[in-house]
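Note sheet for the following structure.
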Amino acid sequence: MQPVATAVLLALMACAPAAEAKKFRYSGGPRPPEDSTLAVADRYLDPVVRSRGPRVPYTNLQLTQFVADTAVARTLASAVVDSGTHAVLAPAHSHPLNFVLEHALLKALSRRGVDVTVRREPIPDDSLKSLFGRPGDPLIEYTLGSARVTYLRYVGILPGRVKVERQALVTGSIGMRDPNSSRVLWTSDLGQNFVDRFARNQVALVEEDRYPDLKAQLPARNVDKVLEPVIVVAVVAGLVALFFQNRP
């Protein structure tokens, strides 16, 4: 009977359908971890990505440009500038960092489809009408009141782990005028700031000699602020030790 059973088993195995590998298709891969809030917030910054975010700090100029971009985008949200409009962009006053605000305005106006002619010097009121040959072209003037970086305080007490907290601030105003009549069509204030932290030993990486306005004094290290948490920890540790020592 055994040879017969073996033959039947072989016959059944020969008649069984061949096994096929299953195929799985995924609509999308796993989401990559967020490197840092700043890297997600602005696209033009290209950070050096690590598992804990960028280790190379952004320069003071990069941070100021980021703040200017955000401030201009929010301010121009209420401006009446239609796509296809031709406008002239000019500063109302001179400032060594006017190029930061100018670059932010050009990017924002380009996204709205506005054709822009750029002037780098303020335009006198008595020459507005002679400079513009197309009636209806608005004059967009910007004033950069302040663009600076301030080092607020030190964060941390462990050697090699101390960080500097800095603030980038941009303030000013944007206005739109009719060049033929000098009538103000629209105006709005400009203001934005951003606070981040970077390692204390990387100050030379964030500052540039070409832009002294974006340099700042390092905060004074207060010895009392350093010793206070150490004293608090020592007192708490002593109380805990006494508690366990006096237990029956």
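Read-outs throughout are calculated quantities, based only on the coordinates presented, and are distinct from any laboratory measurement. Given the structure is predicted, the values throughout are model-derived calculations rather than measurements.
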### Query
How big is the stretch 68-111 on each of its three principal axes, counting only the C-alpha atoms and giving the largest first in Å?
30, 21, 15
### Task
Using Cα centres only, tell me the gap between the stretch 75-119 and the stretch 180-212 in whole Å.
16 Å
